1. Based on the mean of other Cβ atoms within 10 Å per residue, sort peptides 14-27, 123-136 so the most packed one is first.
2. Based on alpha-carbon centroids, what's the gap between region 119-154 and region 22-82 in Å, whole number please?
3. What do you get for the angle between helix 21-33 and the principal long axis of the chain? Use alpha-carbon atoms, 0 to 90 degrees, nearest ten.
4. How high is the relative contact order of the chain, given as a whole-number percent (alpha carbon pairs under 8 Å, six or more residues apart)?
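All of the numbers you see were taken from the coordinates with simple rules; none came from a lab. In this text, all values refer to a predicted model and were calculated from it rather than measured experimentally. In this analysis, Cβ positions are derived from the backbone assuming ideal geometry, glycine residues included, and neighbour counts consider all displayed protein chains.
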């Protein structure tokens, strides 16, 4: 029996403020599993971001340019609506710890209730990045610490352009 090829699209959502090596690892692994990966850069009015939306999209695009099958789009509103616009059959979330799972599980269930055909797929973070989060990177940077080991060059370039010499 021959199976007709289909394009499977997954959405990898996040604020990416800033994008970290852990995010890049998850996106790269998603690209190996799915035909098309849409990285959705979330507009979250409840957060005061370090980077503007335009800067976050630009840094994610710069990093994702080397990963085949990956595109980057900004979005606001419900994730299920964005996923539907992208033609996605799944949402992919990276998990660093059981705390992440406790946070992600109710959202996955709500998304499933809102859009029954949309699956949520969880990928465990690579061990070397399991302790890295955007919020920790922002905090370390704000306190003058070196974030170079945790973020791509595009993020460092942006931080340096803004006058930071601590990175």
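1. 14-27, 123-136
2. After rounding, the separation between the Cα centres reads 15 Å.
3. Helix 21-33 and the main axis of the chain meet at about 20 degrees.
4. Working: 251 pairs, mean separation 45.7, N = 167.
Reported as a whole number, the value is 27 percent.
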